[in-house]
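Scroll down for the structure; my scribbles are underneath it.
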Amino acid sequence: MLSTTELEIEASGLGRIREKVEAGERLTFEDGVALFRCPDLTALGALANHERERRHGDLTYFNRNVHVNATNVCEATCIFCSFSRLKTGDPAAYTMSLDEAVGRVKALRGELITEVHIVNGLNPDLPWDYYPDLLRGIKAERPDIHIKGFTAVEIHYFAEKYGMSYEQVLIKLREAGLGSLPGGGAEIFHPRARKKLCDDKVGADGWLEVHRVAHRLGMRSNCTMLFGSIETVEERVDHLLRLRSLQDETGGFQTFIPLRFHNENNRLRRLPEVTGYDSLRTMAVSRLLLDNIDHIKAYWVMLGIGIAQSSLWYGVDDIDGTVREERIYHMAGARTPQEMTRKELIGLIRQAGRIPVERDTLYNIVAEA
Ligand code: V47
């Protein structure tokens with residue numbers, strides 16, 4: 001006999017997909033579109049939660065991290081971005097000196113941070129040495145800290161600007177202390193949407209190739225999707241399936257992070273705010289389609305704390321970290337705090353009925369909280 005939840009899933013038209021999920025069968029493009037088009041969020045959430053609990057039970061991961069955005073000067077003209085400034089000297093453009101950037105980490109002396117997350121603009125005025133020097137400077141201060149830094153877009157830019165292959169860039173950065181790559185810059189891979197969103201930065205194939213090379217070198221990385229701007233549901237599914245294909249090849253992605261579009265201070269400000277409903281369904285569909293990626297992360301800074309917490313029942317098993325000094329989303333209108341304490345994160349996870357687990361960047365367990 002079917003349980004009440006199974007009956008609800010049947011009634012929502014997702015019965016066949018439920019059978020596939022339970023049999024461990026891979027979902028297709030059409031299944032992905034059907035999941036996005038299903039209005040019954042509760043049924044979709046139950047399906048994603050089934051998968052989440054099968055993999056992780058109640059465990060919910062977080063870490064203690066700090067963000068360093070060393071420059072917002074950026075040659076790219078992505079229309080969704082509120083963080084970047086085209087040229088050095090433009091109002092609100094900034095570039096930290098190495099002392100200043102390393103000083104952000106130095107200031108944490110004694111605090112139990114395990115990760116520095118670095119994402120920058122594509123700054124035409126900086127010499128190559130700035131980047132390895134930044135990594136070495138941070139490592140000299142805190143050899144214990146894992147540096148997750150530079151999106152695939154930055155790696156591609158370094159390769160072109162300084163005349164190296166992706167492999168050479170990654171090896172040099174790794175020698176200077178880079179541990180893994182964050183998932184940013186993926187946006188939406190489909191050429192129609194990508195052309196509108198970010199015509200002058202690396203395309204889907206280049207983004208994927210950087211991660212392919214990083215994985216081949218034994219580095220782990222994350223992946224993302226910017227959702228809720230001008231993309232269609234089909235383009236979201238296409239994006240997720242391209243990530244799934246690369247993961248079949250390499251197995252190097254650790255976590256997928258759906259990034260909710262924020263509409264303030266950028267050229268897409270006329271678009272409506274992305275709803276909580278859309279955020280939850282996007283996370284649920286991601287959990288179901290990305291059958292080969294272990295973790296789905298709710299980045300609370302951009303989702304809002306309430307949705308991030310609710311998402312723990314919609315496929316999500318990771319809530320990111322303490323995130324001090326975030327700039328990219330706060331310049332785009334995020335109203336979330338600049339940081340959360342470990343205690344606050346643990347409280348949010350427990351209040352949602354889940355078990356908090358502090359992890360490091362590579363998902364080694366630091367402590368069961
Ligand atoms: O690539 C920029 C996004 C990304 C906006 O790997 C925007 O653990 C919404 O890479 N509205 C950078 N999104 C952030 C990033 C990241 C964040 C958290 C965790 C990890 C990880 C990586 O931010 C960009 C772009 O997709 N972004 N502007 C905006 N207005």
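Computed from the coordinates by the stated procedures, all read-outs in this text should not be read as laboratory data. Remember, predicted model here, so these are calculated numbers, not experimental data. All Cβ positions, even for glycine, are placed from backbone atoms using ideal geometry, and neighbour counts span all protein chains on display.
Among 130, 94, which comes first, second and so on when ranked by fewest other beta-carbon atoms within 10 Å?
94, 130
If pairing requires two Cys Cβ atoms under 4.7 Å apart, which cysteines of the chain are left without a partner?
Singleton cysteines: 38, 74, 223.
Rank by packing, highest mean first: peptides 101-113, 300-312, with packing defined as the count of other Cβ atoms within 10 Å averaged across residues.
Descending packing order for the listed peptides: 300-312, 101-113.
For the range 105-244, build the convex hull from the C-alpha positions and give me its volume per residue in Å³.
124 Å³
Find the percent of Cα-Cα distances in the chain that exceed 41 Å, and round it to a whole number.
Percent of Cα pairs beyond 41 Å in the chain: 8.
Note the count of lysine pairs whose C-alpha atoms are less than 18 angstrom apart in the range 58-368, limited to pairs 8 or more residues apart or on different chains.
So the count of such lysine pairs works out to 10.
Could you order peptides 315-328, 1-14, 72-85 by the average number of other Cβ atoms within 10 Å of their residues, highest first?
Per-residue Cβ counts within 10 Å, averaged per peptide and sorted highest first, yield 315-328, 72-85, 1-14.
Hey, any idea what Rg/Rh is for the range 4-51, computing Rh the Kirkwood way over Cα pairs?
So for the range 4-51, dividing Rg by the Kirkwood Rh gives 0.91.
Only counting other Cβ atoms within 10 Å, I'd like 196, 148 sorted with the fewest neighbours first.
196, 148
In which sequence would 181, 197, 41 go, from the one with the fewest C-beta neighbours within 10 Å to the one with the most?
Ascending Cβ contact count within 10 Å gives the list 41, 197, 181.
In the calculated pair distance distribution of the range 14-108, what percentage of Cα-Cα distances lie above 16 Å?
In whole percent, the long-distance tail amounts to 72.
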